1. Among the residues of the range 5-52, how many are modelled with pLDDT of 50 or more, open to solvent by 20 Å² or more (accessible area, probe 1.4 Å) and in a loop (DSSP other than H, G, I, E, B)?
2. Take the range 138-150 and flag every residue that is assigned to a helix (DSSP H, G or I) and open to solvent by 10 Å² or more (accessible area, probe 1.4 Å).
3. What are the residue pairs meeting all of these: first residue in the range 104-118, first residue among the charged types (D, E, K, R), second residue surrounded by fewer than 16 Cβ atoms within 10 Å (Cβ to Cβ) and at pLDDT 95 or above, Cβ atoms under 9 Å, and 6 or more apart or on different chains?
4. If you go through the range 53-69 one residue at a time, do you hit one that is closer than 21 Å to residue 120 by Cβ, in contact (Cβ under 8 Å) with a residue 40 or more places away in the chain, under 15 Å from the mean Cα position of the chain (by Cα) and open to solvent by 50 Å² or more (accessible area, probe 1.4 Å)?
5. Kindly provide the set of residues from the range 19-52 that are closer than 22 Å to residue 125 by Cα and among the hydroxyl-bearing types (Ser, Thr, Tyr), ordered by number.
6. Could you look through the range 70-86, keep only residues that are in a loop (DSSP other than H, G, I, E, B), over 24 Å from residue 41 (Cβ atoms) and open to solvent by 80 Å² or more (accessible area, probe 1.4 Å), and pick out the one that is modelled with the highest pLDDT?
Amino acid sequence: MRLPAATRTLVVLPSYQGMQYICDAPGQKSWFQIETEGEAARESDAMHHAVEKHFRQAREAAVKTYRSSSSIFIEQDIGLAAHVQRVMPVFLTLRDAEGNALATAMLPPGGRDDPAFGIIIVGPENQDPYPDQEDAIRALGDHFGLTLDRNRCYPYASLRPSK
């Protein structure tokens with residue numbers, strides 16, 4: 001029996017309670033959005049890769065592009081969070097029913113198609129996630145209306161043959 005999305009976030013992934021549920025994938029897997037540096041750090045630890053560094057750099061770049069509409073000092077950052085969310089890439093993690101990290105994805109801002117954006121999807125230790133997670137990656141692409149094929153999204157596709 002599948003639990004409702006909100007319940008599943010709290011019950012299945014107790015150490016990731018704050019993570020926003022995005023969509024289900026085949027095989028009792030789900031995609032969640034990484035929204036904070038703490039979540040990105042946990043993902044880096046679990047997956048043994050550098051998503052935390054990329055998340056931090058993307059957030060810093062987004063913050064630098066923010067221009068407040070207020071000249072009043074105390075109101076300077078009122079729209080900052082919304083701006084960052086709008087212009088920053090979307091970072092996601094694929095989890096199984098026990099909460100194990102299976103893949104990490106970085107999609108264009110808002111999950112909207114942008115041919116100039118380098119989508120990245122990797123497995124643990126930057127390994128190719130496609131042999132084991134292709135159906136889950138397809139589900140993520142369907143959710144956002146994106147084609148997430150291996151040659152476009154796995155940065156080492158030309159260096160490592162698929163299994």
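1. Result for the range 5-52: 10.
2. If the condition is that a residue be assigned to a helix (DSSP H, G or I) and open to solvent by 10 Å² or more (accessible area, probe 1.4 Å), then 138, 139, 142, 143, 144, 150 are the ones that fit.
3. Close Cβ pairs satisfying both conditions: 112/145; 113/145; 113/147.
4. Yes, that holds for at least one residue.
5. 30, 36, 44
6. Within the range 70-86, the match that is modelled with the highest pLDDT is 78.
The values are calculated or read from the model by the stated rules, or taken from the named source; none is laboratory data. Here the structure is a predicted model, which is why all the values come from computation and not from measurement. We place every Cβ from the backbone using ideal geometry, glycine too, and count neighbours over all the protein chains shown. Please note that ligands, DNA and RNA were not included when accessible areas were found on the heavy atoms of the full protein model with its side chains. Shrake-Rupley method; radii C 1.70, N 1.55, O 1.52, S 1.80 Å.
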